[in-house]
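Asks: Below you will find the structure I want to go over with you.
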Amino acid sequence: MEQNLLIKIKKSFSLDHGQKIIEVLNMLKCINIQNSVYNIDFAVGLANDIIDNKLDYRSVITALYYPIIKNDMLDNTDLGGLDDETYSMIIALSNLEKLNLSTKQEQLESIKNMFIAIAKDIRVIIIKLCIEQQKLNFIDLFTEEDVEKTMRGYNDIFAPIAAMLGISHIKNRLEDATFRYYKPTFYNELKQALSEYVDERNDKIQEVIEKIKQEIAPIVEKCQVYGRQKQLYSIAKKLQKKNMGVNAILDVYGRKNNIEEMAKDKAFNEITLSHIMDILAVRVIVSTIDECYAVLGKIFSIFKPFGNFKDYIANPKANGYQSLHTAIILDNGDPVEIQIRTFDMHNYAEYGFAAHWAYKINKKVTETDAKINYIRSIMEMYKDKSDDELMETLKTDVYLGKIFVQSPQGKILELPEGSTPIDFAYAIHSKIGDSCVGAKINGKMFPLATMLSNGDVVEIITNPNSKGPSRDWLKVCKTQGARTKIRAFFKREMKEENIKKGKSILESQAKLKGFNLTKLLVDKYLEEVYDRYTFSNIDDMYASIGYGGITANQVLNKLQALYRLDNPVEHSDTPGVQGVYKNTKGGDDQVVVRGYSNLMTKLAKCCNPIPGDKIVGYVSRGNGVTIHREDCSTIDQYEFERLIECDWKNTSNNKAFVGNISVIANATSSTYSIISKKVTDNKLEIVSMNIRPLKESRSIISLGVKVASKHQLDDLINKIKILPEVIDAFREN
């Protein structure tokens, strides 16, 4: 086996890369792992599989390290001589081996997602699938407990992932292994029936193969012609779907003398013949599409056609599969299916480049599925790319921006990158979050502000006597859900404290601005504040200010505007405001300043308010009123007594306003054109675009877009957010 590997290494890699593989192989032999299934023999067989799957030399080196990983020797092994990329692959494979796969059925989809996220590099996933396939060669050395665990992993995790990636030869082998393990009687009966059938007809199939080779030799330059037996698991699934037994396989051949008449019997054809036709088939592989059709014509001239001819070259299946399918009848009455395809089509179908999983189970395609499909489409075109280009594609991180972590009980949660144990705790349940006092990550205590990584096992330490979350948690947590639940706690559990705190904040803010709060806190003004912010009474208002639901400035702005309506400015005792409004000219016809007319207004450039935003005016000295969004951070720097309430007029003059959007996206050549197209598709105009590079091959794109309202801008942001390359999109302040 080792000699075979050395030959493959020499044929598949450059001298330099081959030498690196041999150095690792020699290192592994020196370690001399004994008394373990995962030894040098396992590693050599695995490396052979990796090369057969057309991966690069780094993948082979990673595979050779598997016995070291599996025997818990990685921490004591010198990895200093490895390049960063190979090192990362080995660590990712090690993390996959630590993943807890023993969990509930409803978590299987999350496990598969977590599996892919931890690997990050598609090559690591293929290596892991090859590892599972290689286990079958050593299965007799496993304990019964390990065999059961392995088969459950095949059935629940690895065969579906191989199917998802379209790696059919691994999928088929794992499925047949689980079929044999879980249903040994059915498996053996079916295998025996097929063996008898195949043995009986093998000579005839060989005659067909030789005749086709002889007849097409003059019209094709290069070809392969061979017989193919359908996978046992696939046959079993078809039989079970129609509630049929093994005898159904042989049933049709007892009636074969009249097979053409039998085929006219619709029930017979659908239930029996259609399930048996492709048990044995002849496959013809040629170089070009023209040769496919030439071979088809030649076959029709030497054999009697039977059944429907299917042209999946001109009309590919939904999964991209291409081939010509037809059937012939032999002299003895046996039907034989014949498939004709090019070498490229064959690679697509056999080595992971066809999305059989999505086609067969009619799966709704998610954002993640789309990325995996993209990877497959690039892999399918590998013939036009260098090895380096193909490997670069396989390094795609499918779950960029997301992480998957689990509880000690195996519950898996998907969280955004940058999430902390606080986010994890509240994602489980608000009571867990409220009583959280600490966290263990992979068995060790860490601060609650620690950022989690893919595959982390997080245990939340709770205390029923805890006073609840800290306000500082609002600055630490990543998810909106956690922030909402923390604020809800303060609102619900600490109302008395929040009332005192809110009242103090309001009084301090009013005093800071030199405003007489007694004149503002009168019932008729407060009623309007309650109505606008859905408060029941003054305590609700104070509590909201106390826990941060509303700012003191928002309340004071409203009270101040109401006070001015009752007290004209020229008679106001508010310091520094008298005379500000005199001799001003008419301004923006979109904005009305409450209680005044003919005021010159302009929109603030710091926050670019647009119709639909809640706004407030700032009375400048001799330069009219500047209109800001209520949540603009600049307002806090202004003199409080110069703020005045404003609102938008209900006009329909279609005036355009500039809304600013920030987009964080993967830095690819097509990202910017896709975003621009999304703007123009919504019949909007880009007035400015600025692109700044970020870490990890990302960019932040600042867009200025002409819109008529906040609703129009929000709608555009939501549409940009769901673009494949976009990580996040939000409005700039």
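The values are calculated or read from the model by the stated rules, or taken from the named source; none is laboratory data. Computed from a predicted structure; not experimentally measured. A quick note on method: Cβ atoms are made from the backbone with ideal geometry, for glycine too, and the neighbour counts reach across all protein chains shown. The area values use the complete protein model at the heavy-atom level, side chains included, leaving out ligands, DNA and RNA. Shrake-Rupley method; radii C 1.70, N 1.55, O 1.52, S 1.80 Å.
Asks: Does the stretch 263-283 contain any residue that is at pLDDT 80 or above and among the aromatic types (Phe, Trp, Tyr)? Reasoning before the result, please.
Replies: Looking only at the stretch 263-283, we keep the residues that are at pLDDT 80 or above, and these are 281-283.
Still in the running and among the aromatic types (Phe, Trp, Tyr): none.
Checked against the condition, which is being at pLDDT 80 or above and among the aromatic types (Phe, Trp, Tyr), the stretch 263-283 yields no hits at all.
Asks: Restricting attention to the stretch 431-442, does a residue exist that is more than 30 Å from Ile91 (Cβ to Cβ), in a loop (DSSP other than H, G, I, E, B) and either open to solvent by 50 Å² or more (accessible area, probe 1.4 Å) or aliphatic (A, V, I, L, M) (or both)?
Replies: no
Asks: Determine whether the stretch 189-196 contains at least one residue that is touching a residue at least 40 places away in the same chain (Cβ under 8 Å) and of a type in the set (Ser, Thr, Tyr).
Replies: For the stretch 189-196, residues touching a residue at least 40 places away in the same chain (Cβ under 8 Å) and of a type in the set (Ser, Thr, Tyr): absent.
Asks: Could you tell me whether any residue of the stretch 80-92 is surrounded by fewer than 16 Cβ atoms within 10 Å (Cβ to Cβ) and farther than 26 Å from Asn442 by Cβ?
Replies: Yes - at least one qualifying residue is present in the stretch 80-92.
Asks: Here's another thing I want to ask about it. Which condition number in (1) touching a residue at least 40 places away in the same chain (Cβ under 8 Å); (2) open to solvent by less than 40 Å² (accessible area, probe 1.4 Å) is the one that Tyr525 fails?
Replies: (1)
Asks: To continue, here is another question. Just give me the residues in the stretch 21-69 being open to solvent by 30 Å² or more (accessible area, probe 1.4 Å), among the polar types (S, T, N, Q) and under 16 Å from Gln3 (Cα atoms), in sequence order.
Replies: Within the stretch 21-69, Asn26 is the sole residue that qualifies.
Results for (1) open to solvent by 60 Å² or more (accessible area, probe 1.4 Å); (2) assigned to a loop (DSSP other than H, G, I, E, B); (3) under 17 Å from Ile545 (Cα atoms); (4) among the aliphatic types (A, V, I, L, M), shown as yes or no for each residue.
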{"site": "Leu452", "(1), (2), (3), (4)": "no, yes, no, yes"}
{"site": "Phe490", "(1), (2), (3), (4)": "no, no, yes, no"}
{"site": "Glu496", "(1), (2), (3), (4)": "yes, no, yes, no"}
{"site": "Leu506", "(1), (2), (3), (4)": "no, no, yes, yes"}
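Asks: Would you confirm whether any residue within the stretch 75-96 is over 28 Å from the mean Cα position of the chain (by Cα), assigned to a helix (DSSP H, G or I) and not small (Gly, Ala, Ser)?
Replies: Scanning the stretch 75-96, I find at least one residue that is over 28 Å from the mean Cα position of the chain (by Cα), assigned to a helix (DSSP H, G or I) and not small (Gly, Ala, Ser), so the answer is yes.
Asks: So which of Lys695, Lys683 ends up being farther than 30 Å from Val593 by Cα, open to solvent by 30 Å² or more (accessible area, probe 1.4 Å) and either touching a helix residue (DSSP H, G or I) at 6+ places or on another chain (Cβ under 9 Å) or modelled with pLDDT of 80 or more (or both)?
Replies: Result of the check over Lys695, Lys683: Lys683.
Asks: Return a yes/no flag: does the stretch 295-310 have any residue that is surrounded by 15 or more Cβ atoms within 10 Å (Cβ to Cβ), more than 36 Å from the chain's Cα centre (by Cα) and modelled with pLDDT under 70.
Replies: Yes, some residue in the stretch 295-310 is surrounded by 15 or more Cβ atoms within 10 Å (Cβ to Cβ), more than 36 Å from the chain's Cα centre (by Cα) and modelled with pLDDT under 70.
Asks: Does Asp531 satisfy the criteria of being at pLDDT 80 or above and surrounded by fewer than 12 Cβ atoms within 10 Å (Cβ to Cβ)?
Replies: yes
Asks: Cβ-Cβ distance below 7 Å, separation of 6 or more or different chains: which pairs start in the stretch 291-302 with a residue that is closer than 18 Å to Val336 by Cβ and end on one that is part of a helix (DSSP H, G or I)?
Replies: Val295/Ile216; Lys298/Glu215; Lys298/Ile216; Lys298/Ile219; Ile299/Ile212; Ile302/Lys211; Ile302/Glu215
Asks: Can I ask one more? Gln105 fails exactly one of the following numbered conditions: (1) closer than 23 Å to Asp176 by Cα; (2) out of contact with any Asp or Glu (no Cβ under 6 Å at 6 or more places or on another chain); (3) modelled with pLDDT of 65 or more; (4) not hydroxyl-bearing (Ser, Thr, Tyr). What is the number of that condition?
Replies: With (1) closer than 23 Å to Asp176 by Cα; (2) out of contact with any Asp or Glu (no Cβ under 6 Å at 6 or more places or on another chain); (3) modelled with pLDDT of 65 or more; (4) not hydroxyl-bearing (Ser, Thr, Tyr) applied to Gln105, the lone miss is (3).
Asks: Does Ser536 fit the bill of being open to solvent by 50 Å² or more (accessible area, probe 1.4 Å), at pLDDT below 85 and among the small types (Gly, Ala, Ser)? Explain how you work it out, then say what you get.
Replies: Working: open to solvent by 50 Å² or more (accessible area, probe 1.4 Å): yes; at pLDDT below 85: yes; among the small types (Gly, Ala, Ser): yes.
Yes; evaluated as a whole, the condition is true for this residue.
Asks: Filter the stretch 698-733 down to residues that are touching a residue at least 12 places away in the same chain (Cβ under 8 Å) and among the polar types (S, T, N, Q) and give me whichever is surrounded by the most Cβ atoms within 10 Å (Cβ to Cβ).
Replies: Looking at the filtered set, the residue picked out is Gln712.
Asks: From the list Val198, Val225, Val208, pick out the single residue that is open to solvent by less than 50 Å² (accessible area, probe 1.4 Å) and at pLDDT below 75.
Replies: Val198 is the lone residue from the list that is open to solvent by less than 50 Å² (accessible area, probe 1.4 Å) and at pLDDT below 75.
Asks: Right, here's the next one. Looking at Ile122, Ile139, which is the one that is open to solvent by less than 50 Å² (accessible area, probe 1.4 Å), within 20 Å of Leu174 (Cα to Cα), in contact with a helix residue (DSSP H, G or I) (Cβ under 9 Å, 6 or more places away or on another chain) and modelled with pLDDT of 85 or more?
Replies: The conditions single out Ile139.
Asks: Also: Go over the candidates Gly612, Gly659 one by one and state the one that is under 20 Å from Arg731 (Cβ atoms), touching a His at 6+ places or on another chain (Cβ under 7 Å), surrounded by 14 or more Cβ atoms within 10 Å (Cβ to Cβ) and modelled with pLDDT of 85 or more.
Replies: Criteria check complete, one pass: Gly612.
A quick yes/no check of all residues on (1) open to solvent by 70 Å² or more (accessible area, probe 1.4 Å); (2) under 29 Å from the mean Cα position of the chain (by Cα); (3) closer than 21 Å to Thr551 by Cβ:
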| position | (1), (2), (3) |
| --- | --- |
| Glu414 | yes, yes, no |
| Glu417 | no, yes, no |
| Ile428 | no, yes, no |
| Lys511 | yes, no, yes |
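Asks: What are the residues in the stretch 34-51 that are touching a residue at least 40 places away in the same chain (Cβ under 8 Å) and either of a type outside the set (A, V, I, L, M) or not in a helix (DSSP H, G or I) (or both), if any?
Replies: Val37, Asp41, Phe42, Gly45, Asn48, Asp49
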